[in-house]
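These notes are about the structure you will find just below.
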Amino acid sequence: MANSKAYFAFRIEGMTCDGCARHVTKALEAVPGVERAEVGSWKSGRAVVISSPEVSSETVMEAVRKAGYAAVLLERRSLEAEKQIPSTGAGFDLMIIGGGSAAFAAAIKAAELGARVAIIEKGVIGGTCVNIGCVPSKTLIKAAELCYQSAYPHFEGLTACPPPSDWQRVVAQKDELVAALRQEKYVHVAGQYPNITIFKGEAKFAGRRQVILNGETYSPGKIVIATGSLPWAPPIPGLQEAGYIDSTQALSLSELPDSLIIIGAGSIGLEFAQLFARFGVRVMVLEGQAHLAAAQEPEIGEAITRYFEEEKIRVCLNARIEGVARQRGRYVVSAHIDGKVQECEAARVMVATGRRPNTAHLGLESAGIQTGLKGEIVVNEQLQTSNPDIYAAGDCIGEPMYVYVAAYAGGIAAENALRGVGRVYDLTALPAVTFTDPQIATVGFTERQARERGFLVKSLRLDLSNVPRAVASRDTRGLIKLVAAEDTGRLLGAHVLAADAGEVIQEATLAIRFGLTIEDLVNTFHPYLTMVEGLKLAALTFAKDVTKLSCCAA
Ligand SMILES: Cc1cc2nc3c(=O)[nH]c(=O)nc-3n(C[C@H](O)[C@H](O)[C@H](O)COP(=O)(O)OP(=O)(O)OC[C@H]3O[C@@H](n4cnc5c(N)ncnc54)[C@H](O)[C@@H]3O)c2cc1C
């Protein structure tokens, strides 16, 4: 057949870093007739190549050898067979369980491949991000920021919390935005693909390829599980009896409490702590670790603690919660803080101790699908579960739980399920942002992680008082920390605490992904009076004292 393709899988030997993986990818892509080459990560030691049928495995292996590595052929097959997407009596080539971001990405990819697709959603279409996650939380955070800045334009001399603003109106505006985006980005989008059908109902497995929905059994060609995650609370004595709110309820409180205790200070805990404090709620954060944002560089945790305390948010670190009780309509949390048990009282308690994959009621056992300790569906690097006909994507496969990761995974899962093309799920250079003010944004290794991986490391920290954008904006809160390989100068990690850190981090993400060095950052133009210029200044600090430079880092 004129347009048939060849699929190869190779084991690649000799790769020791992400740069090696990129060299091998380039070498593979340069082979005449190769249409696509993917090397998941150097650790995976695997490459997948899709090419025209006349390309031989020897030619590909020779190209890898010339690049300085060795390739061993694991599999070669024709992709002709996959052109006929499997279909069954039920009429669906792909059934997707869940109707959030991973599911939509999978459905659109599958529809583009010509498959007939079913999405099954038991709740509200669109899933977490648009309904109860990214969108509503970020719009409330923006509203809180505006309210706070209008009360305290210069963030100085703060002695009391700003007055509560019109919370109900803000929540109503948030609900309008959510409804509009859900309609535009999910309902309308699905309507543009005639081969996507959306079912309402709860799906459950009844066999290796049988799904029960609303009393009917379906046997689709392939299945993608994209059931997301749910807020998780640790087994704290008295917590369930006393009751608490999670992030979903916090987004829609009918009225603001006068005070709030937040247990847990990861991204969600931090974002909500500042959000409510800025609406005038007295907020206390109880964190079991030694720093806020414990997964980040300690400098960032220390700085954000300081800024929170400046906003009158009470931060208790190394807190061990002993119990929660309800007394006279209020909540009392007993916790070991600073070596003694303290009783902390508030009108509400919010638990923000992470999320767990939503997989408990799917009947996964009957489909032969394995799960891990936290209920996450176990997948290989192509997102295939222990049942070869079933793939999984998004929060239900565990950390990292971000919407852009879920959407990326959904597309890969659908393509691999329908075409068997072996696309690899590759999380190299994954940026992450916490939407506090200032924002926390990171990519790559922390200094400690880099050392643990055996790198000889050089690192430095630049305070934002050295960055003209921050000075001009009269907000010099924050810092930039860069981690680089001592020998090559390659950037290994970037950690930014700054207004707009989420924008700044993208340059560092590209730099890490494409193996750039500190020198490359220094030698690249950065517009004056932008926050991203701070990255260049931080890079320059490896060689120079930036306080002795004129403007534009000259
Ligand atoms: C407060 C908050 C803020 C966040 N902010 C950000 C952010 O700023 N940036 C970011 O990248 N990420 C953010 N996230 C994370 C992000 O929202 C998730 O990672 C992402 O939405 C997960 O997408 P998903 O498709 O895997 O799951 P979901 O979007 O949760 O979709 C799963 C869907 O499956 C349905 N379902 C479950 N079981 C069944 C069943 N048996 N049958 C049928 N349907 C079923 C559920 O009802 C749900 O709608 C945030 C999350 C929260 C909670």
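Which value, in debye to the nearest 20, gives the size of the charge dipole of the stretch 405-554 about its Cα centre, when Lys and Arg are +1 and Asp and Glu are -1 at the Cβ?
160
Between ALA233 and SER465, what is the FRET efficiency for a Förster distance of 56 Å, r being their Cβ-Cβ separation, to the nearest 0.05?
That pair, ALA233 with SER465, gives E of 0.90.
How many Å² of accessible area per residue for the chain, probe 1.4 Å?
44
Which trypsin sites (Lys or Arg not before Pro) in the stretch 286-349 sit in a loop by DSSP (not H, G, I, E or B) and have at most 12 other Cβ atoms within 10 Å of their own Cβ?
Sparse-neighbourhood loop trypsin sites (Lys or Arg not before Pro): ARG328.
Just grab the label-to-label distance for PHE514 and SER150, each label 7 Å out from Cα along the Cβ direction, in nm (one decimal).
Result for the modelled spin labels: 4.3 nm.
Given axes a ≥ b ≥ c from the Cα gyration tensor, I'd like to know whether the chain is rounded (a/c under 1.5), prolate (a/b larger than b/c) or oblate. Mind showing how you got there, number by number?
Working: a/c = 2.04, a/b = 1.23, b/c = 1.66.
Oblate.
Using Cα positions and a limit of under 24 Å, work out the lysines in reach of LYS185, with same-chain residues fewer than 8 apart set aside.
LYS109, LYS122, LYS138, LYS142, LYS174, LYS200
Calculated FRET efficiency, GLN173 and GLN449, Cβ-Cβ r, R0 56 Å, to nearest 0.05? Could you put the intermediate results ahead of the total?
Details: r = 40 Å, r/R0 = 0.72.
It comes out at approximately 0.90.
Would you mind getting me the FRET efficiency between LYS374 and SER252? Use the beta-carbon distance for r and R0 = 25 Å, nearest 0.05.
E(calc), rounded to 0.05, equals 0.40.
Please work out the C-alpha center-to-center distance from the stretch 397-471 to the stretch 103-146 and express it in whole Å.
When both Cα centres are located, 21 Å separates them.
Any chance you could check the Cα centroid distance between the stretch 10-43 and the stretch 345-390 for me, in angstrom?
32
Test of the criteria: in the stretch 386-480, which trypsin sites (Lys or Arg not before Pro) are in a DSSP loop and have at most 16 other Cβ atoms within 10 angstrom of their Cβ?
Passing sites in the stretch 386-480 are ARG453, ARG474.
How much length is gained on full extension from LYS312 to ALA294, taking 0.36 nm per residue of separation minus their Cα-Cα distance?
Length gained, LYS312 through ALA294: 4.4 nm.
Please give the charge dipole size of the chain, origin at the Cα centre, charges +1 on K and R Cβ atoms and -1 on D and E Cβ atoms. Round to the nearest 20 debye.
Dipole of the chain, to the nearest 20 debye: 480 debye.
Suppose we flag GluC sites (Glu not before Pro) only when DSSP calls them loop and at most 10 other Cβ atoms lie within 10 Å. Which is the longest uninterrupted stretch of the chain?
256-554
The values are calculated or read from the model by the stated rules, or taken from the named source; none is laboratory data. Remember, it's a predicted structure, so these values are computed and weren't measured experimentally. Glycine also receives a Cβ, built like all others from the backbone with ideal geometry; neighbour counts cover every protein chain displayed. These area figures cover heavy atoms from the full protein model, side chains too; ligands, DNA and RNA do not enter into them. Shrake-Rupley method; radii C 1.70, N 1.55, O 1.52, S 1.80 Å.
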